[in-house]
Each structure stands twice: as C-alpha cells, then as structure tokens.
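The numbers here are math on the coordinates, done by the rules we state, and not lab data. Just so we're clear, the structure is a prediction, and the values are computed from it rather than from any experiment. A quick note on method: Cβ atoms are made from the backbone with ideal geometry, for glycine too, and the neighbour counts reach across all protein chains shown.
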Amino acid sequence: MSKTTIQIDEAIKDRLKNLKIHPREPYSDVISRLLALYHDSKDDYLKLVQRIQERKMKELWDNEDDQIWDDL
C-alpha cells in the first residue's frame, strides 16, 4: 500500500494521539476507525431523521380536515 504525508494542526495530532488504542498504533488506523464510526453514525442518523419525518408527515396528512378534501 502506498503512503502519503498530510499536514494537520498540532492540536489535531494531539487529539488523534489521545484516540490511539495502543501507543504504537499508527495514525492511519486511528483515522480509519474514525471514518468507520462516522459512516455508521451517519447511517443511523439518516434512519432516525427518516423515521421522524415519516411520523410528522403522517401527523400532518392523516387528519380529519384533509379527509374532507379527499372526499370531494
């Protein structure tokens, strides 16, 4: 696997260092773990938003006032 160098702020490097499971864990592994967590939580977040939207749409559209218009 090829490697590259990236520039990050010292504060970010310190934060990444604190997330290491083991002191010798490569930063690449830490970043990979963070990306996996991000994608998992993003999917969970989108599912949650969708459920909330479905409830709200049902609340807005499934009511007696709208039923009158449907019956016309």
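Below is a table of values for the structure above.
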{"quantity": "Highest-fluctuation residue, Lys20, Lys47, Lys58 considered, GNM on the chain with Cα pairs under 10 Å", "calculated": "Lys58"}
{"quantity": "Within a Gaussian network of the chain (alpha carbon springs, distance under 10 Å), most fluctuating of Leu19, Leu46, Leu60", "calculated": "Leu60"}
{"quantity": "Estimated dipole of region 10-71 in Debye, rounded to 20 [Cβ of Lys and Arg +1, of Asp and Glu -1, Cα centre]", "calculated": "1000 debye"}
{"quantity": "Helix axis angle, 27-61 relative to the chain longest principal axis, alpha carbon, degrees", "calculated": "10 degrees"}
{"quantity": "Per-q log10 I(q)/I(0), the chain, q = 0.15, 0.19, 0.24, 0.25 Å⁻¹ (Debye; single scatterer per alpha-carbon; no solvent)", "calculated": "-0.70, -0.89, -1.07, -1.11"}
{"quantity": "Extended-chain gain in nm, criterion 0.36 nm per residue less alpha-carbon gap, Ile12 and Leu37", "calculated": "7.2 nm"}
{"quantity": "Gyration tensor (alpha-carbon) shape descriptor, region 1-41, a/c threshold 1.5", "calculated": "rounded"}
{"quantity": "Estimated vicinal HN-Hα couplings, Hz - region 5-10 in sequence order (Karplus 6.51, -1.76, 1.60; Gly, Pro = x)", "calculated": "10, 10, 9, 9, 5, 4"}
